[in-house]
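Taking it in order: structure first as structure tokens, then the write-up.
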Amino acid sequence: MSGPTGQDPEIRRAIRRSLAVLTVIAAVALAGWWWSQRTPPPPTADASPVAPAVETSSADGSSDETRFDFKSRGPERGIDFLHVNGATGRKLLPETLGGGVAIVDLDGDGDGDLVFVDGDRWADGPAESPSGRGVVVYLNDGRGSFSRPDGPTGLEEPFQGMGIATGDIDGDGDLDLLVTSTAGVRLFLNESTPARLAFVDRTIEAGLAELDGWSTAAGFGDLDADGDLDLVVAHYVVWNPEIDAAVDYRLAGLGRSYGPPLGFEGESVRALFNDGTGGFEDRTAAAGFDVRNPSTGEPMAKALGLLVQDLDGDRDLDVFVANDTVANLLFLNRGDGTFTESGAAAGVAFDRSGAATGAMGVDLAALGQGTSAMRAIAVGNFANEPASIYCAKEGSADAPRFADEAIPLGVSAATRPALTFGMGWIDLDGDGFEELVAANGHLEEEIARFQASQAYRQPAQVFRRGSSDPSASERLREVERDRIGDLATPIVGRGLTWGDLDLDGDLDLVLTQIGGPPLVLFNETFESGKPRPHWVRILLDGPQGDASVIGATVRVSAGGREFVRTVSPTRSYLAQVERALTIGLGTADSIDRIEVEWAGGGSTVVEKPAIDGTVRIGPASSS
């Protein structure tokens, strides 16, 4: 029909185009303000707060002789991986946010293999740009030396990969891989034989091909307690190269630059439930994950970090989401696979000043013992934002209430200058108390031109518990960089994972970086004759397979102490940590008992197990 009515669609399109232009202009202006708050203009003297000198005295006034001797041995141990991000000067945002890594036993021989997620050249990039290698596996020989599998694995196709998740989704006893990317996810089922490592792409068959968009962190767990593994996939922003070009973030004097995600629309965290046959059904809205901005109606998340753990003590799996520049989200499980978003109510949505942060990596630990024990969620944030450590008292019957305790715990000033991605609570010296490790690195190569306190490549940081007395304060102290070995090597740090790669009883570290080789760091703290604490390595075989293992709590009673750990591969940044639990026993020289509380219910107790080796525990295990 002609006339005014017939013109309505064109008028509406013109109005939408005008609104879109205004939105981009406003977003770029807001992004410029955001960066100006975090990256001050070149000053005569740097206006950013300067971290105080590292404390070197213990609470009793004695000298702190803490030293962790980490050695970078990737190339000599067979690791030749070099990350490709496709960067050719166009400054596309995904180029600076990859770095997925996992320690996972893919061939079932009991040790941790290494898996790296590569990026790729852009389809319209220069022909001479290097291509990525897809998902790159290095098999462990059981002594911490690695080799590439013989022949193709089915993982070689390059794509712009991001993060990784591991789980036995088909119940056949081996671990499968899900990989996130700028264009959805890919599911690879493990169909290996003793003679050959082999994976088959089952993305379409599993119903995951429609899960498009820029996905980042992902994790498996039995969210509805029905005995199989479900899936949570975090998404960052609505993105494609055209949107990136329209946002066109710039720094004065530099031109186009990597910037914050303020000019991009948010995305949803997706909840996908296993149908029992290896397929997944998207129940994001029905499960309570479709959180929207009340003003715009758009999805709220800009997610980079993810925890899939019991966060309120009721023994079902909850989900914490670390978001970049918008409120963090906390999805508490009602016990039936539906969730209530409680981030603001629980105190984890914002930092202690009430601001949303540029949140990236995340990890959870239990600090203290007995009635003083706390759950502590550590979150790595953007430069000029201190890390957040959200603490809540253990054992409360009410909904958890966290508070950002970064200042009283002593990490605020020291973490403020760093831009932190990977984050982990890791016991580096086997005393039974986890240190806090942060993998750092900036987005922008030229940042030092604009902020004297910043560098593109940054050293990692280690924060040690202030006392070995479990009843004492949990205040943390930064360990001096000349006392952490090659962990202090400046890199463009992203992913961080850990596990006992050489099966010697202490935890080794792997840090990835953008456009470069990883740091594969072997813990040699005890190689120079320093007494090594006793330890135990625990492998679990659950009554319902992996659905019982992910989220299982392990309590080791030894020497009058209780060491508590949770099997939770999904933590840090775009990473999966080793499922085997390597637990240092401190001053104890024997174990009284190990109790496993299985995810989904039930428990197993092993009395008087051996120390300084691997203990495998199944539902029928006994002393």
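For the stretch 104-118, which positions are open to solvent by less than 10 Å² (accessible area, probe 1.4 Å) and of a type in the set (G, A, S)?
G112
Please go through the stretch 281-298 and give me each residue that is in contact (Cβ under 8 Å) with a residue 60 or more places away in the chain and either polar (S, T, N, Q) or open to solvent by 20 Å² or more (accessible area, probe 1.4 Å) (or both), ordered by number.
Filtering the stretch 281-298 down to residues in contact (Cβ under 8 Å) with a residue 60 or more places away in the chain leaves 281-282, 287.
Of everything in the stretch 281-298, those that are in contact (Cβ under 8 Å) with a residue 60 or more places away in the chain and either polar (S, T, N, Q) or open to solvent by 20 Å² or more (accessible area, probe 1.4 Å) (or both) turn out to be E281, D282.
Any idea which residue in the stretch 351-369 is farthest from W214 (Cα to Cα), counting only those that are without any contact (Cβ under 8 Å) to a residue 40 or more places away in the chain and of a type outside the set (V, I, T)? Talk me through it step by step, then tell me what you get.
Filtering the stretch 351-369 for residues without any contact (Cβ under 8 Å) to a residue 40 or more places away in the chain gives 353-357.
Imposing the further condition that a residue be of a type outside the set (V, I, T) reduces the set to 353-356.
On the way: S353: 30, G354: 28, A355: 25, A356: 21 Å.
Here the answer is S353.
Checking the condition surrounded by 22 or more Cβ atoms within 10 Å (Cβ to Cβ), in contact with a Cys (Cβ under 6 Å, 6 or more places away or on another chain) and either at pLDDT below 95 or under 22 Å from L330 (Cα atoms) (or both), which residue from A359, A406, A387, A376 passes? Spell out how you get there, then give the answer.
Values: A359 fails: in contact with a Cys (Cβ under 6 Å, 6 or more places away or on another chain); A406 fails: in contact with a Cys (Cβ under 6 Å, 6 or more places away or on another chain); A387 fails: in contact with a Cys (Cβ under 6 Å, 6 or more places away or on another chain).
From the options A359, A406, A387, A376, the qualifying one is A376.
Kindly list, by first and then second residue, each pair from a residue in the stretch 90-109 that is at pLDDT below 95 to a residue that is assigned to a helix (DSSP H, G or I) and among the aromatic types (F, W, Y), limited to pairs with Cβ atoms under 8 Å and residues at least 6 apart or on different chains.
none
Any idea how many residues of the stretch 144-172 are closer than 17 Å to L114 by Cβ, part of a loop (DSSP other than H, G, I, E, B) and at pLDDT 95 or above? Quick ask: steps written out before the conclusion?
If we filter the stretch 144-172 for residues that are closer than 17 Å to L114 by Cβ, which is where we start, we get 144-150, 153, 155-156, 161, 163-166.
Remaining after also requiring part of a loop (DSSP other than H, G, I, E, B): 144-145, 148-150, 153, 155-156.
After this cut, where a residue has to be at pLDDT 95 or above as well, the list is 144-145, 148-149, 153, 155-156.
Number of matching residues: 7.
Filter the stretch 571-589 down to the residues that are under 15 Å from L364 (Cβ atoms) and either part of a loop (DSSP other than H, G, I, E, B) or open to solvent by 10 Å² or more (accessible area, probe 1.4 Å) (or both) and list them by number.
R571, Y573, V577, L581
Among the residues that make up the stretch 229-236, is at least one of them aromatic (F, W, Y), part of a loop (DSSP other than H, G, I, E, B) and closer than 25 Å to V308 by Cα? Show your work before the answer.
Within the stretch 229-236, the first condition is being aromatic (F, W, Y), and the residues that meet it are 236.
Add one more test, that the residue is part of a loop (DSSP other than H, G, I, E, B), and what stays is 236.
From the residues that got through so far, the ones that are closer than 25 Å to V308 by Cα too are 236.
Within the stretch 229-236 (the criterion being aromatic (F, W, Y), part of a loop (DSSP other than H, G, I, E, B) and closer than 25 Å to V308 by Cα), the answer is yes, since at least one residue qualifies.
Taking the condition in contact with a Phe, Trp or Tyr (Cβ under 8 Å, 6 or more places away or on another chain) and of a type in the set (A, V, I, L, M, F, W, C), does L307 pass? Walk me through it before giving the result.
Numbers: in contact with a Phe, Trp or Tyr (Cβ under 8 Å, 6 or more places away or on another chain): yes; of a type in the set (A, V, I, L, M, F, W, C): yes.
So L307 fits the description; yes.
For residues in the stretch 119-162 being of a type in the set (S, T, Y) and open to solvent by 10 Å² or more (accessible area, probe 1.4 Å), which is nearest to E191 (Cα to Cα)?
Going through the stretch 119-162, the residues of a type in the set (S, T, Y) turn out to be 129, 131, 138, 145, 147, 153.
From what's left, open to solvent by 10 Å² or more (accessible area, probe 1.4 Å): 129, 131, 145, 147.
Numbers: S129: 33, S131: 26, S145: 24, S147: 19 Å.
Only one residue tops the list, namely S147.
What's the number of the only condition in (1) open to solvent by less than 10 Å² (accessible area, probe 1.4 Å); (2) at pLDDT below 95 that L307 fails to meet?
Result: L307 passes all but (2).
State all residues of the stretch 54-81 that are modelled with pLDDT of 95 or more and loosely packed, with under 15 Cβ neighbours inside 10 Å; if no residue qualifies, say none.
In the first step, residues of the stretch 54-81 are kept if they are modelled with pLDDT of 95 or more; the result is 68-81.
Scanning the stretch 54-81 gives P75, E76, D80.
From (1) open to solvent by less than 30 Å² (accessible area, probe 1.4 Å); (2) of a type outside the set (K, R); (3) in contact with a Lys or Arg (Cβ under 7 Å, 6 or more places away or on another chain), pick out the condition that doesn't hold for L332.
Condition (3) is where L332 drops out.
Any idea which residue in the stretch 522-554 is least open to solvent (accessible area, probe 1.4 Å), counting only those that are within 18 Å of D502 (Cα to Cα) and among the hydroxyl-bearing types (S, T, Y)?
T525
When residues of the stretch 178-227 are filtered for being in a strand (DSSP E or B) and of a type in the set (V, I, T), how many remain? Walk me through it before giving the result.
Here is the first cut: in the stretch 178-227, the ones in a strand (DSSP E or B) are 178-181, 184-190, 193, 196, 199-201, 215-221.
Among the residues that remain, those that are also of a type in the set (V, I, T) are: 179-180, 185, 193, 200, 216.
Count: 6.
Starting from the stretch 189-211, keep only residues that are at pLDDT 95 or above and of a type outside the set (D, E, K, R), then list their pairs with residues that are part of a strand (DSSP E or B) and surrounded by fewer than 16 Cβ atoms within 10 Å (Cβ to Cβ) whose Cβ atoms are within a distance under 6 Å, requiring at least 6 positions of separation or different chains.
L189/V200
The values are calculated or read from the model by the stated rules, or taken from the named source; none is laboratory data. Since the model is a prediction, treat every value here as computed from it, not as a measurement. Using ideal geometry, Cβ is built from the backbone for each residue, glycine included, and neighbour counts are taken over all protein chains shown. For the accessible areas, the whole protein counts, side chains as well, though only heavy atoms, and no ligand, DNA or RNA atoms are used. Shrake-Rupley method; radii C 1.70, N 1.55, O 1.52, S 1.80 Å.
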